[in-house]
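The values are calculated or read from the model by the stated rules, or taken from the named source; none is laboratory data. Since this is a predicted model, take the numbers as computed values, not measurements. Heads up, the Cβs are rebuilt from the backbone with ideal geometry, glycines too, and the neighbour counts pull from every protein chain shown. The accessibility values were calculated without ligands, DNA or RNA, using every heavy atom of the protein model including side chains. Shrake-Rupley method; radii C 1.70, N 1.55, O 1.52, S 1.80 Å.
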Amino acid sequence: MNDAEKRRKFFYAMKEANMYDETIEWVAPHYCLMHEMMFQLVEESLGDELVSNDQNIIALDIGSGTGEEAIKLLEKIPTLKLIGIDLCQPMLDIFQERADELRIDRNRYRLIEADILEEEILNKIQCQAKDSFNVTKFNLVISAFTIHHFSSDEDKNECEKEKVFGLIHSLLKDGGVFILGDLFNYKKESAILTDTIAKWETNWISDNFEREAKSADDIDSERAMKLRELKNAWVWHYRWENKLDSMTRQMEVLKRSGFTEVGNPFRYWQVGLLWAKK
Ligand SMILES: C[S@@+](CC[C@H](N)C(=O)[O-])C[C@H]1O[C@@H](n2cnc3c(N)ncnc32)[C@H](O)[C@@H]1O
């Protein structure tokens, strides 16, 4: 992806990154709840590894953005070390600021600005893990609201979601866990639900931004204008740029990629969680 494409498609992670944390809860239904459930699943999945003080837990976060899921893990699990990957440097800059404010030791994590779909990514991640933490395999891979940007079309030559799931599988230790919090549609489950839920969600986003813009109208017209601009950009992004697939189909792809146990413990509209064990 060239720079112009990146700036256009990921407007919220490039030019508007400073508005991301303030507005993302108006974009993704139950954003906080999904992250909280993701954290609880991490705790359950790691089980005994969490109580062992002499063993580091090594985690990878794909599309770490401003750090919502990664910083929570670093804060709450003292033995955890993490590599965060994101395409957009402005998001990683905010991640760094948030982590510094919480005084999280910089030696416990590394942030890499990279495209998870690029050819050399496996090698790049393994080299970083070896240099930083003296390992090449991970106990845990997480990803929130990122993989829905990747293609899944079965009749295309390349299914990017399958490529990423394969990469994650090869980076995990045996018994390691991948937790995916993301947007999913109802393709091959129900055409009616696919359309209906997408409509509910885009209307909800639109209403949220409009409500906030209205309350800014008389106080700060510049902010009101910015919020309306963001509303239009997000609705466009949702309708035309996201590449959602259903949970059912993605669970099939995870199984094809070698995961032995796969399940979906949470779903609300298009937002959901998948859990997969190697
Ligand atoms: C909606 S944000 C989610 C950020 C964070 N995980 C959260 O839950 O708030 C999606 C992030 O994925 C990143 N991203 C998108 N495509 C990517 C790719 N191919 N490789 C790495 N990061 C990517 C974007 O830059 C953005 O920061």
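Are any residues in segment 91-127 open to solvent by less than 40 Å² (accessible area, probe 1.4 Å), assigned to a helix (DSSP H, G or I) and in contact (Cβ under 8 Å) with a residue 40 or more places away in the chain, and if so, which ones?
Met91, Ile94, Ile121, Ile125
Could you figure out which of (1) over 21 Å from the mean Cα position of the chain (by Cα); (2) open to solvent by less than 70 Å² (accessible area, probe 1.4 Å); (3) not assigned by TED's automatic domain parsing to the domain that holds Arg228 isn't true of Lys161?
(1)
Just to be sure before I move on: is Lys137 more than 21 Å from Lys81 (Cα to Cα), of a type in the set (D, E, K, R) and touching a residue at least 40 places away in the same chain (Cβ under 8 Å) in the structure I sent?
The answer is no for Lys137.
Taking only segment 8-42 into account, find how many residues are within 20 Å of Asp182 (Cβ to Cβ) and either open to solvent by 20 Å² or more (accessible area, probe 1.4 Å) or part of a loop (DSSP other than H, G, I, E, B) (or both).
Result for segment 8-42: 18.
Looking at segment 211-230, can you tell me whether even one residue there is closer than 24 Å to Phe184 by Cβ and open to solvent by 60 Å² or more (accessible area, probe 1.4 Å)?
So far as segment 211-230 goes, no, none of its residues is closer than 24 Å to Phe184 by Cβ and open to solvent by 60 Å² or more (accessible area, probe 1.4 Å).
Within segment 55-76, track down each residue that is β-branched (Val, Ile, Thr) and closer than 14 Å to Glu43 by Cβ.
The first filter runs over segment 55-76 and keeps only residues β-branched (Val, Ile, Thr), leaving 57-58, 62, 66, 71.
Hit for segment 55-76 is Ile57, nothing else.
Applying the selection to segment 64-87, what residues are within 6 Å of the ligand (Cβ to nearest atom), closer than 19 Å to Asn18 by Cβ and part of a strand (DSSP E or B)?
Asp86
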